[in-house]
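J.: Supplied in structure tokens, the structure appears directly below.
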Amino acid sequence: MNDTMVTLAGNVATAVEYRDTVSGGVARFRLAVTARRWDRERGLWSDGGTSFYTVSAWRSLGANLAASVSVGEPVLVHGRLKVREEERDGRRKTFVDVAATAVGHDLSRGTAAFRRATRTESRVQPGTGPWTETGPWTAAKEEGKREEAREGEGAASSPVTAP
């Protein structure tokens, strides 16, 4: 099977919605991609049209995405492109979806701090998750805060180990 793989650079346009399904958790959000061009005559950048894509990410990628990404943040999305047409309100509409295989912050536009998720953190259990105060991501965030406090006190941070 030949899939069309794409890499998109844009901004998160909607809040990431995470749901548990029978085949595993899925996160969805809309990605806004705006073309920018250098206008030589005026000597400044100008924005072109904006394209919107619905991005879905399954299982651990979806859980990590929901815990890491917020509206307005610049991201890179790599995945399988799917174009579908539907009829709504008597009009034919075209939708462009991306089934993500990788998502990350666009570091050309800012910085990020990576934390490796443990297997229990990346598996969201029913009733827990990034959207709850008692979910595994809250514990990970609290641990990160404790590590930052220790580093600020001059203590050595714990080493990163591979799984």
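The values are calculated or read from the model by the stated rules, or taken from the named source; none is laboratory data. All of these numbers come straight from a predicted model, not from anything done at the bench. Because the Cβ atoms are built from the backbone with ideal geometry, glycine has one as well, and the counts that use them run over all protein chains shown. Surface areas here come from the heavy atoms of the whole protein model, side chains and all, with no ligands, DNA or RNA. Shrake-Rupley method; radii C 1.70, N 1.55, O 1.52, S 1.80 Å.
J.: Can you pull out every residue in the range 1-45 that is within 20 Å of Ala99 (Cα to Cα) and of a type in the set (D, E, K, R)?
T.: Asp3, Glu17, Arg19, Asp20, Arg28, Arg30
J.: Let me ask something additional. Out of the residues in the range 38-71 that are part of a strand (DSSP E or B) and acidic (Asp, Glu), state the one that is most open to solvent (accessible area, probe 1.4 Å).
T.: Initially, the range 38-71 is screened for residues part of a strand (DSSP E or B), giving 38-39, 44-58.
If we keep only those that are acidic (Asp, Glu) as well, we get 39, 47.
Details: Asp39: 39, Asp47: 102 Å².
Across the range 38-71, the extreme among qualifying residues is Asp47.
J.: Residue check: is Ala15 modelled with pLDDT of 95 or more and either touching a strand residue (DSSP E or B) at 6+ places or on another chain (Cβ under 6 Å) or more than 19 Å from Ser108 (Cα to Cα) (or both)?
T.: Details: modelled with pLDDT of 95 or more: yes; either touching a strand residue (DSSP E or B) at 6+ places or on another chain (Cβ under 6 Å) or more than 19 Å from Ser108 (Cα to Cα) (or both): yes.
Yes, satisfied.
J.: Another one. Failed condition for Ala99, given (1) modelled with pLDDT under 65; (2) open to solvent by less than 70 Å² (accessible area, probe 1.4 Å), with all others met?
T.: (1)
J.: Consider the range 3-30. How many of its residues are within 13 Å of Leu65 (Cα to Cα) and of a type in the set (A, V, I, L, M, F, W, C)?
T.: 6
J.: Name, by its number, the condition in (1) modelled with pLDDT of 95 or more; (2) out of contact with any helix residue (DSSP H, G or I) (no Cβ under 7 Å at 6 or more places or on another chain) that does not hold for Ala57.
T.: With (1) modelled with pLDDT of 95 or more; (2) out of contact with any helix residue (DSSP H, G or I) (no Cβ under 7 Å at 6 or more places or on another chain) applied to Ala57, the lone miss is (2).
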